[in-house]
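Everything on this sheet refers to the single structure shown next.
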Amino acid sequence: MMEQEIRQARALYSVFGQRLMKERGIAQGIQAYQAAISETYARMADLGIIEACTQCATTRAGSCCFHGVEEWYDHVVLLINLLLGVELPETREMPGGCLFLGIQGCKLVARNAFCVNYLCPGLIDSLAEGKKKDLLSVSGKELFCGWELEKALHSRLHKPAPRS
């Protein structure tokens with residue numbers, strides 16, 4: 001199943017990638033999404049979340065980056081990753097982990113809402129209430145920008161062909 005989604009994303013990128021990057025609405029959506037992702041990533045790095053999650057995912061069985069999480073991704077989110085310059089993996093680097101999990105953490109830039117929002121109880125407990133609210137606000141902006149871009153791409157890529 002995931003192999004098919006990756007093939008479809010790559011095919012769409014091959015046919016439409018350059019055109020999509022030049023379309024004003026899509027290009028602006030990509031830029032806004034990338035900025036929101038960067039803000040979330042910076043905030044998570046400042047709070048030590050990226051380091052803690054990477055350590056957990058790459059050394060412990062039972063992390064939230066488990067085998068099968070990759071099945072939550074569809075070809076449009078994978079296409080967004082290709083548009084953002086991500087190279088989609090062919091093989092699983094971490095046995096028992098998500099296909100997109102590498103030794104340095106997640107290989108994707110555009111991620112599923114679960115992957116953006118989930119924090120294990122230990123991490124949640126370690127954050128002050130104000131930091132939690134701030135992180136939720138920043139990650140919420142990322143999720144909104146991603147949803148807007150996905151919606152625009154679905155509309156652009158899956159609209160019926162004009163009748164002759």
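The values are calculated or read from the model by the stated rules, or taken from the named source; none is laboratory data. Every value quoted in this text rests on a predicted model; they were computed, and no experiment measured them. We place every Cβ from the backbone using ideal geometry, glycine too, and count neighbours over all the protein chains shown.
Restricting attention to the range 89-120, the residues being among the hydrophobic types (A, V, I, L, M, F, W, C) and over 12 Å from residue 70 (Cα atoms) number 8. Does the range 131-138 contain at least one residue that is surrounded by 13 or more Cβ atoms within 10 Å (Cβ to Cβ), under 23 Å from residue 26 (Cβ atoms) and either without any contact (Cβ under 8 Å) to a residue 24 or more places away in the chain or under 11 Å from the mean Cα position of the chain (by Cα) (or both)? Checked the range 131-138: no residue is surrounded by 13 or more Cβ atoms within 10 Å (Cβ to Cβ), under 23 Å from residue 26 (Cβ atoms) and either without any contact (Cβ under 8 Å) to a residue 24 or more places away in the chain or under 11 Å from the mean Cα position of the chain (by Cα) (or both).
Among the conditions (1) closer than 20 Å to residue 114 by Cβ; (2) buried (at least 19 other Cβ atoms within 10 Å of the Cβ), the only one that residue 29 does not satisfy is (1).
A residue that is within 18 Å of residue 52 (Cβ to Cβ), free of Cβ contacts under 8 Å to residues at least 60 places away in the same chain and among the hydroxyl-bearing types (Ser, Thr, Tyr) can be found somewhere in the range 101-119. In summary, residue 142 fulfils each of the numbered conditions (1) farther than 15 Å from residue 38 by Cα; (2) in a helix (DSSP H, G or I); (3) touching a residue at least 12 places away in the same chain (Cβ under 8 Å); (4) under 12 Å from the mean Cα position of the chain (by Cα) with the single exception of condition (1). When residue 19 is tested against (1) out of contact with any helix residue (DSSP H, G or I) (no Cβ under 7 Å at 6 or more places or on another chain); (2) within 27 Å of residue 156 (Cβ to Cβ); (3) crowded, with 16+ Cβ neighbours inside 10 Å, only condition (3) is not met. When the range 101-124 is limited to residues that are part of a loop (DSSP other than H, G, I, E, B) and among the aliphatic types (A, V, I, L, M), the one that is farthest from residue 42 (Cα to Cα) turns out to be 103.
Meeting the requirement of 3 or more residues that are farther than 30 Å from residue 130 by Cβ, the helices (runs of 4 or more DSSP H) wholly within the range 4-100 are 24-46, 75-83.
Go through (1) at pLDDT 90 or above; (2) in contact with a Gly (Cβ under 8 Å, 6 or more places away or on another chain) and name the single condition residue 63 misses. Condition not satisfied by residue 63: (1). For the range 150-162, the criterion of being exposed (fewer than 15 other Cβ atoms within 10 Å of the Cβ), out of contact with any helix residue (DSSP H, G or I) (no Cβ under 9 Å at 6 or more places or on another chain) and at positive phi is met by no residue.
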